[in-house]
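One structure, as C-alpha cells, below. Some questions next.
The values are calculated or read from the model by the stated rules, or taken from the named source; none is laboratory data. The structure presented is a predicted model; accordingly, all values stated were derived computationally and were not measured. Note: ideal-geometry Cβ built from the backbone for every residue, glycine included; neighbour counts use all protein chains shown.
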Amino acid sequence: MEAIYTIGHGRHAWRDFLALLREHEIALVADVRSAARSRWPQFNGRVLEANLREARIGYEWLPECGGKVVAPPAELARGLERIMELAAEMRIGLMCSESHPLTKHVQPRANCHRVGLLATPLRARGARLKHILPDGHTLEVDEAALPSIWKEEPLLFGGGRSKDSEE
C-alpha cells in the first residue's frame, strides 16, 4: 500500500493548495471534516469538489472521520476502512482545515484530528502516513506518542486550536 498523505487547507489560496496536491501527486482528496464548510469559500464542500474535478482530482467527503464531533466507534471504524480502501486504489490526501499537523510547543502535540484521532488506528491497519506541511515538505511522526485532546476528551472538542482552525 502506498502512503496516505494528510493536508490541511488552512488559509492557502486555491492555487497554492492545488500546487501542494500536485507536488505530492494526490489523486483523491478525502475530506475528513465533520462539516464540509469553511470560512474560506474555496474550501466549502461543493466548491472544493468542483474545483478538484476541474483539476482532475477526485473528492470524497467522510464526515464519520471528522474531529469536531467524534462519530460512534462503529461509524468511525467504517470511515477508517473506507480510507484504507481508497488508499489501496490510489494516492489519497486526508484533508481537514489545520495546515500545521503539530503544535509548536516544546513537546509538540497533535494540532489536528488527522494526527490525534485518525493516524494511530490507520497505522494499526498497516498505513504509512505522511503529513504535508504548508511549505510542501512532509513529516512522518509517531502519532501515538503525541499528546492529543482527542485522547484526553474523545467526545469533546476544545483547547489547543490554532487561529486558522475550523475543525
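Would you mind stating whether GLU49 is exposed (fewer than 15 other Cβ atoms within 10 Å of the Cβ) and over 16 Å from LEU129 (Cβ atoms)?
No; evaluated as a whole, the condition is false for this residue.
I've got another one for you. Looking only at residues in the stretch 52-74 that are loosely packed, with under 14 Cβ neighbours inside 10 Å and charged (D, E, K, R), which one is nearest to ALA36 (Cα to Cα)?
ARG53
Condition check ((1) under 19 Å from ALA87 (Cβ atoms); (2) of a type in the set (Asp, Glu); (3) in contact with an Asp or Glu (Cβ under 6 Å, 6 or more places away or on another chain)) across all residues:
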| residue | (1), (2), (3) |
| --- | --- |
| HIS24 | yes, no, no |
| ARG39 | no, no, no |
| GLU49 | no, yes, no |
| ARG53 | no, no, no |
| GLU60 | yes, yes, no |
| PRO63 | yes, no, no |
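So VAL47 ticks every box in (1) of a type outside the set (Ser, Thr, Tyr); (2) in contact with a helix residue (DSSP H, G or I) (Cβ under 9 Å, 6 or more places away or on another chain); (3) in contact (Cβ under 8 Å) with a residue 24 or more places away in the chain but one. Which box is left unticked?
Here VAL47 meets the rest and fails (3).
Please return the ranges of strands (runs of 3 or more DSSP E) entirely within the stretch 22-140 where 3 or more residues are at pLDDT 95 or above and within 16 Å of GLY10 (Cα to Cα).
28-31, 92-96
Ok, one more. Condition (residue is over 19 Å from ALA3 (Cα atoms) and touching a residue at least 12 places away in the same chain (Cβ under 8 Å)) applied to the stretch 113-136: is it met by at least one residue?
No, there is no match, as no residue in the stretch 113-136 is over 19 Å from ALA3 (Cα atoms) and touching a residue at least 12 places away in the same chain (Cβ under 8 Å).
Regarding ARG109, is this residue more than 15 Å from the chain's Cα centre (by Cα) and either crowded, with 19+ Cβ neighbours inside 10 Å or under 22 Å from ALA145 (Cα atoms) (or both)?
For ARG109, the condition - more than 15 Å from the chain's Cα centre (by Cα) and either crowded, with 19+ Cβ neighbours inside 10 Å or under 22 Å from ALA145 (Cα atoms) (or both) - is met.
Now, a different point. As an exercise: evaluate TRP150 against (1) in a helix (DSSP H, G or I); (2) closer than 17 Å to VAL29 by Cβ and give the number of the one condition it does not meet.
All conditions pass for TRP150, except number (2).
Still on this model: Just one of GLY10, GLY58, GLY66 is within 16 Å of PRO134 (Cβ to Cβ), among the small types (Gly, Ala, Ser) and in contact (Cβ under 8 Å) with a residue 12 or more places away in the chain; which is it?
Checking each option against the conditions leaves just GLY10.
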